[in-house]
Amino acid sequence: MSSLKDIGVHVVHVGGNGNARAVLREVENLLQKLVEKGEESSIDLSGLPLSAEDYDLLEETLGEGEVVAEVHSLGPTRIHETGVPGVWWVTHYNDEDEVLAEFIEVAWCPEILLAPEDDVKDGLEALRARLFELKQESNHG
Amino acid sequence: MSAMELLLWARGPGLGIAVAIFLFGMTLRLFEIYSLGRKTDLAAPRSPTPGSGWRTVFSRSLPYQGTWHRSGLTVITGFVFHIGLFIVLLFLLPHIKLIHSLTGLSWPALPTSLVDLVTVLTLIALLVVLVHRLMDPVKRLLSGFGDYLAWAVTFLPLLTGYMAYHHLLLDYTLLLALHILSAELLLVVFPFTKLTHTFTLFIARWYNGDIAARKGVAS
Amino acid sequence: MNQRVVVDPITRIEGHLRIEAETEGGIITQASSSGTMVRGIEIILRGRDPRDAWAFAQRICGVCTLVHGIASVRAVENALNYPIPPNAQLIRNLMIAAQYVHDHVMHFYHLHALDWVDVVSALKADPKATSELAQSISNYSKSSPGYFADMQKKLKDFVEGGQLGIFTNGYWGHPAYKLPPEANLMAVAHYLEALSWQREVAKLHAIFGGKNPHPNFLVGGVPCAISVHPDHPGRGKGPHFRGGAGATAVDLTGLQKVKDIIGQMRDFVDQVYVPDTLAIASFYKDWTQYGEGVGNFMTFGDFPANGMDDPSSFMIPSGVILNRDLSTIHELDMNAADQIQEYVAHSWYDYSVGKEQGLHPYDGETNLNYTGPKPPYEHLDVDQSYSWLKSPRWKGKPMEVGPLARVLMLHARGHEQTQELVGMTLRTLDIPVQGLFSTLGRTAARTLETKIIVDAMSGWYNQLIANIKAGDLRTFNETLWEPSSWPQQAKGVGYMEAPRGALGHWIVIKDGKIDNYQAVVPSTWNAGPRDPQGQDGPYEAALKGQPLHDPKQPIEILRTIHSFDPCIACAVHVTDPEGEELVKVKVR
Amino acid sequence: MADETLLEILKRRGISRRGFLKFCAATTSLLALPPSMAVAVADSLGRLKRPAVIWLSFQECTGCTESLTRAHSPSIESLIFDAISLDYHHTLQAASGHAAEEAREHSMKADWGKYLLIVDGSIPLKDGGAYSTIAGISNLQMLQEAAAGAAAIVAIGTCAAFGGLPHAQPNPTGAVAVSDIIKDKPIINVPGCPPVPAVMVGVLAHYLTFGSLPDLDDLGRPRAFYGESIHDRCYRRPFYDQGKFAKTFDDAGARDGWCLFELGCKGPTTHNACATTKWNGGTSWPVQSGHGCIGCSEPDFWDAGGFYKALSTPVDSVTGAAAAAVAVGAAAGVAIGIANRQRKAQARAEHQTVTIEDLEK
């Protein structure tokens, strides 16, 4: 919208609740657990009120990592590794691109990226069926 | 009765009853004192009045050298909790809104966190005063039920207000209701205890100063 | 053969409505409309702060979730002669318009459509043919064969699942359903599309009013301060002492979102709602013969460009049309004691002046007096009192209010876009102009006015933005906020055009408190019972002479009643100006 | 097919287990459960069958239903087509009159003891319930019949939960809440006028997922959503602590998003999820749009002393009582003063002159 852009605006947010620091502490604890015991865990970001400033602080502190992934199932799910390896930012969206849920996952690999065993089995069967069809086709041809 | 119902009672009928008893009691006390009457002093005044009355009001508010040395703690805690009470009562926004709705008068508020700090100081001062009263043999001997009651009804609104603001122990709604009720209790007992001094103190000081001046005694 | 048909509950409406109809040889000879729920909101309002009244009044109805709030704040402002800033006026217009568009679309798809659309028949549709049909009537993007095949599969799964849920016991397969399977499938798809669309466009109310349903209002303006500050430097040190953008919902982002929503609304109306109405109507042209009603139409007017005190600036004009005569428009006076009156001859209320007299809302009184049968009951005594609704009349005449009345009034007053749209509709459907006075005409009028209103929204939006750019951020007038500044006594009327029709709230203020409050609402005009002269209300008149194929499946009754979009929680109300409640209940 | 589980339905729709996992993660978040519960949620949801739900509307305004249709995740469509079988609901169902009542009776019979009963609106008890009837049956009778076979009851909205608007003084129709009538069934109160859509859906999802009631507070409200006050979660809270208050609805403070306490905000005593979940898909919520919280999820909020009066001010005017007290106090004070003077005078009159001679006796 061109008209509104002409309006000078101060983008300043009201004070944060200081919850970003609490989340960062928890990430540290969970990461230590992952390293020492191999336990994976996650933090639900909707559980705490986070202001825009809190988000900025979280994002700045964790930084950007090497991996970006997107899952398409019931709307997109966007995942990126943060600058701290093992700490993943997972955001689930619905079809209308609204945030359904947002997690910081502390794991070797986010659970949703791993192919579930049953799906893999179904996939194997589907592939075999497809191969069978191909064989039939080539026989006919 | 739910916390909300208690709060509504405290903000409604409870407040009405408390304010009525307070005003009834205070008017009664003041009229009673006034209507006692005094004999007219026909002698010519030795010093100008009423100026010396006002001077006494001020000068008696400062501790004498002797008092200061004898019980400095009492003086300090006394000042702290009186000034603290004054600030908390008159400069917290919710209180100003209450006074405004009752009297139509309004003035700027102090930041809530500052008032919060003052509250803590006031509470500490009040506790020190109590401990001192209990420990000091002379004071303990002199103290009666009325003294402890006056202390308790002053302390409670501060404590419940502090707890409500910080959500300590109980739900906010319930704490707010208790805070208002404790303030109402203060209003109710106010005219019938030594707390009346809030209103009579300065009158009495002025009067003493004025009489003394008339008789030629320095105030 | 005489038969009494009872339809209770009438579903897919707001509130509790009961219709009792007499039929003879498959034709309805007499109908009685009864509102069966009352809450007494106007009694509850007495003695309260007039500035609070909107919140109570708004809860009269959660479907027309905004209209009673608006009428209420306008009533108080009228009584106190309380002007509001231009921005507040524009924001209110945008909110009212959004309510229209949202409400009319939801009514069409979620409340009315199942009277015309056979969900089960959609299973037989050919998705490819459906796609062709959809593309032939509109350029709406979701119209591929795959889309409709998916939709059909979804529906099939659902039906085959055996749990029909809300579709249980529908009149599926009834001969009155005339749409081909493809049109049915398209309509079912749009039923679901509209459900997700309405969620999006309701956000306009959330931005200005904090939530929807039941957004917030304010006497003296609107409560949403605008936080787009061209020159505001902020005060104090550090960000904690400043707000700036993001401080309130009406900021740069919020206003951009409003603009997007207006676009979404216009697209859906142009590409889905209008084409669907015309397509479905083309299969039901026989419904231009039924459901006319009383032939008298009334509007109060709304969408001021220049404040409520200047009715000439209203987009929707006010007036009365009698006996279908569009050439003469009678002027209307909301304050005249002999114009708008309410009767209770067939309602469960008493008047101190006797049950036969009518009373103007300022003098209105209501004493609940239930004389109906003790529940549970089979039938109401329709010769006596049979409803919690009163019977409002204009100069003694029953009036229809709502979309049809408004479209006729706009047409009669020479509104060009209306005349074009009405002409286009009549040509497309190939029906005579008399066809407007019918069940179908009423439904079509609702669609047409939605188009007119959604087209007007950008104008108000641009004006609002222009004001903000010019530095005018005022949204509230503080001068008369404190009750101490009010006269000891005041009375006023707040009115508007609600989606369902002309709505008026009358208020009497005494010593800063509500002394009397009365709402006369659209569905009371339309759904009210007979008056002392025995004149039917619009619902009752509209049902008379209409066929009823199968009394067990009264779909024809539903079509006509739904074409009015009933809102019964609104329609039932009580007042009691003198403080005497005469609650005498005779239980028989 | 009627016995299909949710997992089977989703699979048939071509939705992978990954999608299901995501659905469960979102549900866990919605229910305010710790993320580690996702496995338990997945387990129960996977076995879930669409339970029958009967929705009764009594003295209401349909605002609660309207609010439910604004639910974003999950949406009303997925709720009524995938998660539950909504067998009776006036505003949405296709059938009317006799056919509608038959659907209700059939559902009650088929799922006796198992269906979930949802109620919106209060129930009028005065005058034999004549103030609200459906199909000629009083609300009281219909509620009692439907409650008898319900597994649990959800009272949606402040009217059903606490009596709401019809219950406001002077309560002309004798309206009461569901819990005033039904004592022998588990009841979840989901108040709000209307309730936040995400809260309604969340409560339903919890019940459907675990088949049990969530943790409730002393007013029967789920703690997950009503556990904290609006004020504590409010983004304007820092301004309260700093003593920065909007004085009118469009002063600089209001535009900067300062605290609305002075303008009557009831946030400190109101327990609801508005400040965190917000409204209409996270678009805004009342305080963000500039109007104070009116306290709509609390009992008797309609009679709580005016929406624009600060929480610390009196509910009713005390001027009358104060004036009377002053007058009576003055009169009594004067009376006592006069009595005292008389006593003094009398004492003086009874005073006997004592001479030295007397003392020397």
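The values are calculated or read from the model by the stated rules, or taken from the named source; none is laboratory data. Owing to the predicted nature of the structure, the values given are computational and were not obtained by experimental measurement. Cβ: placed from backbone, ideal geometry, glycine included. Neighbour counts: every protein chain shown.
For every residue, the table says whether it meets (1) in contact with a helix residue (DSSP H, G or I) (Cβ under 6 Å, 6 or more places away or on another chain); (2) at the interface with chain C (Cβ under 9 Å from one of its Cβ atoms); (3) closer than 19 Å to D:Glu60 by Cβ; (4) surrounded by fewer than 24 Cβ atoms within 10 Å (Cβ to Cβ).
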| residue | (1), (2), (3), (4) |
| --- | --- |
| D:Lys126 | no, yes, yes, yes |
| D:Ile156 | yes, no, yes, no |
| D:Phe162 | no, no, yes, no |
| D:Pro166 | no, yes, yes, no |
| D:Asp184 | no, no, no, yes |
| D:Tyr207 | no, no, no, yes |
| D:Leu216 | no, no, no, yes |
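The residue that is farthest from B:Leu170 (Cα to Cα), among those in region D:245-270 that are at the interface with chain C (Cβ under 8 Å from one of its Cβ atoms), buried (at least 24 other Cβ atoms within 10 Å of the Cβ) and out of contact with any Leu (no Cβ under 9 Å at 6 or more places or on another chain), is D:Asp256. Among the residues of region A:42-70, how many are within 14 Å of chain D (Cβ to nearest Cβ) and at pLDDT below 90? The qualifying residues number 14.
Of all residues in region C:359-378, those satisfying the criterion of being more than 21 Å from C:Gly492 (Cβ to Cβ) and touching a Phe, Trp or Tyr at 6+ places or on another chain (Cβ under 7 Å) are C:Asn367, C:Leu368, C:Asn369, C:Tyr370, C:Thr371, C:Gly372. Say whether the condition of being in contact (Cβ under 8 Å) with a residue 24 or more places away in the chain and within 7 Å of chain D (Cβ to nearest Cβ) is met by at least one residue in region B:30-50. Yes, there is a match, as at least one residue in region B:30-50 is in contact (Cβ under 8 Å) with a residue 24 or more places away in the chain and within 7 Å of chain D (Cβ to nearest Cβ).
Table: residues versus (1) touching a residue at least 12 places away in the same chain (Cβ under 8 Å); (2) within 11 Å of another protein chain (Cβ to nearest Cβ).
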position	(1), (2)
A:Leu74	yes, yes
A:His80	yes, no
A:Gly83	yes, no
A:Gly86	yes, no
A:Asp122	no, yes
A:Glu125	no, no
A:Phe132	no, no
A:Glu137	no, no
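On the stretch given as region D:128-148, residues that are within 17 Å of D:Ser179 (Cα to Cα) and of a type in the set (A, V, I, L, M, F, W, C) total 6. Of the residues C:Tyr140, C:Tyr147, only one is of a type outside the set (Lys, Arg) and more than 28 Å from C:Ser563 (Cβ to Cβ); which? Testing whether each residue is of a type outside the set (Lys, Arg) and more than 28 Å from C:Ser563 (Cβ to Cβ) leaves just C:Tyr147. A count restricted to region C:193-211 and to residues that are facing chain D (nearest Cβ under 7 Å) and aromatic (Phe, Trp, Tyr) stands at 1. Here the strands (runs of 3 or more DSSP E) wholly within region C:1-64 that include at least 3 residues being at the interface with chain D (Cβ under 9 Å from one of its Cβ atoms) are C:2-7. Looking at D:Pro286, is it more than 7 Å from chain B (Cβ to nearest Cβ) and either under 21 Å from C:Arg48 (Cα atoms) or touching a Pro at 6+ places or on another chain (Cβ under 9 Å) (or both)? Judged against the criteria, D:Pro286 is a match.
Can you pull out every residue in region C:245-266 that is touching a residue at least 24 places away in the same chain (Cβ under 8 Å) and away from chain D (no Cβ under 12 Å)? Hits for region C:245-266 are C:Leu252, C:Leu255, C:Lys259, C:Ile262, C:Gln264, C:Met265, C:Arg266.
Residues that are surrounded by fewer than 24 Cβ atoms within 10 Å (Cβ to Cβ) and assigned to a strand (DSSP E or B) were ranked within region C:340-374; the one that is nearest to the other protein chains (Cβ to nearest Cβ) is C:Asn367.
To keep it simple, each residue is scored yes or no on (1) closer than 24 Å to C:Arg500 by Cβ; (2) at pLDDT 95 or above; (3) not hydrophobic (A, V, I, L, M, F, W, C).
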| site | (1), (2), (3) |
| --- | --- |
| C:Tyr362 | yes, no, yes |
| C:Asn367 | no, no, yes |
| C:Tyr370 | no, no, yes |
| C:Pro376 | no, no, yes |
| C:Glu400 | yes, yes, yes |
| C:Met409 | yes, yes, no |
| C:Met424 | no, yes, no |
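Every test in (1) in a helix (DSSP H, G or I); (2) in contact (Cβ under 8 Å) with a residue 60 or more places away in the chain; (3) not hydroxyl-bearing (Ser, Thr, Tyr) is passed by C:Met334 save one, and that test is (1). The set of residues from region B:96-115 being free of Cβ contacts under 8 Å to residues at least 40 places away in the same chain and among the β-branched types (Val, Ile, Thr) comprises B:Ile96, B:Ile99, B:Thr103, B:Val115. Could you count how many residues in region D:18-33 are aromatic (Phe, Trp, Tyr) and under 16 Å from D:Ala71 (Cβ atoms)? Here the count works out to 1. Of the residues D:Phe245, D:Phe239, D:Phe301, which is out of contact with any helix residue (DSSP H, G or I) (no Cβ under 6 Å at 6 or more places or on another chain) and closer than 20 Å to C:Ser227 by Cα? D:Phe239 is the lone residue from the list that is out of contact with any helix residue (DSSP H, G or I) (no Cβ under 6 Å at 6 or more places or on another chain) and closer than 20 Å to C:Ser227 by Cα.
The criterion of at least 2 residues that are modelled with pLDDT of 90 or more and surrounded by 15 or more Cβ atoms within 10 Å (Cβ to Cβ) is met by the following helices (runs of 4 or more DSSP H) wholly inside region B:109-204: B:112-135, B:145-166, B:172-189. Just one of the listed residues (D:Ala321, D:Ala325, D:Ala345) is more than 7 Å from chain B (Cβ to nearest Cβ) and more than 22 Å from D:Lys247 (Cα to Cα), namely D:Ala345. Looking at region C:403-489, the helices (runs of 4 or more DSSP H) lying wholly inside it that each contain 3 or more residues that are surrounded by fewer than 17 Cβ atoms within 10 Å (Cβ to Cβ) and under 27 Å from the mean Cα position of the chain (by Cα) sit at C:416-429, C:439-469. When region D:98-112 is filtered for residues that are surrounded by 23 or more Cβ atoms within 10 Å (Cβ to Cβ) and facing chain C (nearest Cβ under 7 Å), the ones remaining, listed by number, are D:Ala100, D:Ala103.
Filtering region D:306-342 to residues that are without any contact (Cβ under 8 Å) to a residue 40 or more places away in the chain and buried (at least 21 other Cβ atoms within 10 Å of the Cβ) leaves D:Ser312, D:Pro314, D:Val318, D:Ala325, D:Gly329, D:Gly333. Checking each residue of region D:300-312 against the condition of being part of a loop (DSSP other than H, G, I, E, B), more than 17 Å from D:Tyr235 (Cβ to Cβ) and of a type in the set (Phe, Trp, Tyr) gives at least one match. Taking residues in region D:271-282 that are away from chain C (no Cβ under 11 Å) and more than 16 Å from D:Arg221 (Cβ to Cβ), and partners anywhere that are hydroxyl-bearing (Ser, Thr, Tyr) and surrounded by fewer than 24 Cβ atoms within 10 Å (Cβ to Cβ), not one pair has Cβ atoms closer than 7 Å while being at least 6 places apart or on different chains.
For region C:490-502, the count of residues that are on the phi > 0 side of the Ramachandran plot and buried (at least 24 other Cβ atoms within 10 Å of the Cβ) is nonzero.
Is it true that C:Ser523 is among the hydroxyl-bearing types (Ser, Thr, Tyr) and away from every other protein chain (no Cβ under 14 Å)? No, not satisfied.
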